[in-house]
1. Read through the list (1) of a type outside the set (A, V, I, L, M, F, W, C); (2) open to solvent by 50 Å² or more (accessible area, probe 1.4 Å); (3) out of contact with any helix residue (DSSP H, G or I) (no Cβ under 9 Å at 6 or more places or on another chain), then give the number of the only condition that residue 429 fails.
2. Filter the range 121-136 for residues that are on the phi < 0 side of the Ramachandran plot and over 12 Å from the mean Cα position of the chain (by Cα) and give the result.
3. What is the residue count in the range 34-82 for residues that are more than 26 Å from residue 277 (Cα to Cα) and of a type in the set (Gly, Ala, Ser)?
4. Picking from 310, 301, 269, which residue would you name as being in contact with a helix residue (DSSP H, G or I) (Cβ under 7 Å, 6 or more places away or on another chain) and among the charged types (D, E, K, R)?
5. With the condition being touching a Phe, Trp or Tyr at 6+ places or on another chain (Cβ under 7 Å) and crowded, with 21+ Cβ neighbours inside 10 Å, I'd like the helices (runs of 4 or more DSSP H) fully within the range 454-525 carrying at least 2 qualifying residues.
6. Within the set of pairs 6+ apart or on separate chains, which have a first residue in the range 254-267 that is open to solvent by less than 40 Å² (accessible area, probe 1.4 Å), a second that is basic (Lys, Arg), and C-beta atoms under 7 Å apart?
7. In the range 38-58, which residues are of a type outside the set (Gly, Ala, Ser), within 18 Å of residue 340 (Cβ to Cβ) and open to solvent by 30 Å² or more (accessible area, probe 1.4 Å)?
Amino acid sequence: MKKLSYIILIAVTIAVINTGCKKKFDEYATNPNNPQSVPAYLLLRQVENDLPVLPGGDADKFCQFTLSSYTYYGTNEYWTGAAGLNYGTLRNVVAMENEAAKASGANNPYSAIAKFFKAYFFTQMSLKVGDLPMSEALKGLDNQTPKYDTQKDIFKQSLQLLEDANTQMAALISAANNSILGDFFYKENTANPKDGLQTLRQWQKVVNTYKLRLLIHLSKKETDADLNIKQKFSETISNPAKYPLMNDMNDNLEYVYNVAYNKYPNNKDNYGNDALRLCVAATWLNNLSALNDLRAMKVADPARGLGFSDTSFKSFVGASNGEDVGTMGGKVVAGLYSPIGRKRYYDGYTAENTFIISYPEMCFNIAEGINRGWATGNAEDWYQKGIKAMFGFYGIADGSNTVSFLKTAAPGDYINYNINFSYTDYFSQPAVKYAGNNTAGLNQILLQKYLAYGRNSGFEAYYQWRRTGVPAFLTGPGIGNSGVIPLRWQYPSSELSTNKDNYTKAVQSQYSGNDNINSKMWIIQ
């Protein structure tokens with residue numbers, strides 16, 4: 001018996017020692033300088049930084065706004081490979097939700113905004129490639145090979161997320177549950193900060209405005225009873241109490257630049273690097289000039305080699321995306337193509353805010369929906385509201401306006417002109433005067449929406465061209481891909497290596513087994 005007691009005592013002692021050792025080991029294995037969790041507000045800031053597509057990159061070229069005129073700094077060829085996807089950002093969205101839930105329960109402002117983020121990033125990714133993992137995605141080690149949701153289901157789920165976000169935000173606003181930090185678009189906007197309640201109201205407008213964008217993206221599926229596009233569109237614009245929308249430019253979801261640490265990509269510091277190697281694309285500038293649109297003189301300088309006066313719209317001519325870059329560069333040097341506006345983009349550091357989701361786009365989307373017969377209303381009124389909002393964005397007023405161009409190639413030395421502009425005259429032009437709820441009127445809405453997308457809103461201008469063909473995009477050897485504009489991006493190679501079976505099924509069901517950049521995805525069929 002005594003021997004048995006010794007044995008039990010030794011066993012207990014060993015167990016205690018092992019437990020203590022393990023506890024010590026776990027403590028030592030944890031790096032106190034490496035955080036085990038991140039507050040929701042820090043994650044929100046990171047997610048918000050991933051929302052905008054900044055100007056000056058490929059989106060400008062693919063949407064045919066600006067072009068490279070010097071091969072050393074890049075060509076104007078469209079892509080040939082894979083899309084970059086936002087699953088890393090979406091994992092941060094999930095982490096933000098989890099951290100906020102731990103701190104304040106499941107029903108909180110971060111949870112509501114997270115629903116918008118999911119709808120935004122999943123649809124943005126799907127517009128690039130087609131079908132994607134959604135319903136089984138973001139589960140980590142619990143599911144490393146998620147199935148692909150169809151593009152239709154991605155949009156259905158996203159529209160429901162937006163509906164749920166709107167409902168949750170309304171409830172949070174009603175309950176004054178508006179504790180949120182880290183939102184630099186509205187809450188911590190340095191120029192016009194909002195309180196928590198105002199911030200939620202702003203985001204609710206963003207949610208419903210983005211819903212209209214998604215419904216417009218689905219225009220080719222307007223007869224699909226399962227999607228119910230027309231009813232969703234009509235109820236959204238006819239019930240502002242339930243679905244508040246943007247009221248003016250102050251409601252924009254937009255990226256704001258500053259001198260200290262967040263400069264506009266084209267600025268006075270890099271004038272010598274890229275201002276002389278970029279020009280304006282004809283699809284953008286020539287359409288403005290053809291409409292006697294004063295925005296042409298804001299976004300470009302005159303092509304003085306053509307021999308017209310600085311304030312003649314004949315002096316504002318862009319280059320074709322399809323032109324050989326070497327030929328284009330020679331014409332830019334000869335003054336036959338307009339460079340991008342020196343005063344607007346290179347005189348300082350903050351040029352213009354970059355829209356992510358904007359009031360002008362919303363106006364044109366509402367006009368388009370009414371034109372298509374999805375809802376009752378005055379399409380012309382919304383059409384004109386969108387145009388006027390964009391003129392205001394460029395500082396153009398009804399009456400006298402100042403435009404400034406470089407006198408010579410030397411930066412900072414400008415010549416100013418006073419130009420009279422009249423809304424009445426502008427809207428009286430046959431090409432601008434709304435033609436009615438018909439195809440001609442629709443094309444006018446689409447053209448003005450394209451002009452409003454200039455150097456902002458990511459790839460929306462390209463997606464509109466892909467969906468409607470308006471405006472006509474220019475092609476030729478300079479765009480690569482045998483002179484054909486691609487219709488989609490390929491899937492990342494990581495999908496083939498980590499989720500091969502589901503990837504193969506998705507490519508087979510959509511594109512007959514060929515992950516081809518020229519194939520048509522469901523949404524444009």
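The values are calculated or read from the model by the stated rules, or taken from the named source; none is laboratory data. Note that this is a predicted model, so its numbers are computed, not measured. So basically every Cβ, Gly included, is an ideal-geometry build from the backbone, and we count neighbours across all protein chains shown. These area figures cover heavy atoms from the full protein model, side chains too; ligands, DNA and RNA do not enter into them. Shrake-Rupley method; radii C 1.70, N 1.55, O 1.52, S 1.80 Å.
1. All conditions pass for residue 429, except number (2).
2. Across the range 121-136, the qualifying residues are 122, 126, 128, 129, 131, 132, 133, 134, 135, 136.
3. Total satisfying the criteria: 3.
4. 301 is the lone residue from the list that is in contact with a helix residue (DSSP H, G or I) (Cβ under 7 Å, 6 or more places away or on another chain) and among the charged types (D, E, K, R).
5. Of the helices (runs of 4 or more DSSP H) lying wholly inside the range 454-525, those with at least 2 residues that are touching a Phe, Trp or Tyr at 6+ places or on another chain (Cβ under 7 Å) and crowded, with 21+ Cβ neighbours inside 10 Å span 460-468, 500-511.
6. 257/263
7. 53, 54, 58
For every residue, the table says whether it meets (1) touching a Ser or Thr at 6+ places or on another chain (Cβ under 8 Å); (2) open to solvent by 20 Å² or more (accessible area, probe 1.4 Å).
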| position | (1), (2) |
| --- | --- |
| 144 | yes, yes |
| 164 | no, yes |
| 169 | no, no |
| 182 | no, no |
| 195 | no, yes |
| 210 | no, no |
| 213 | no, no |
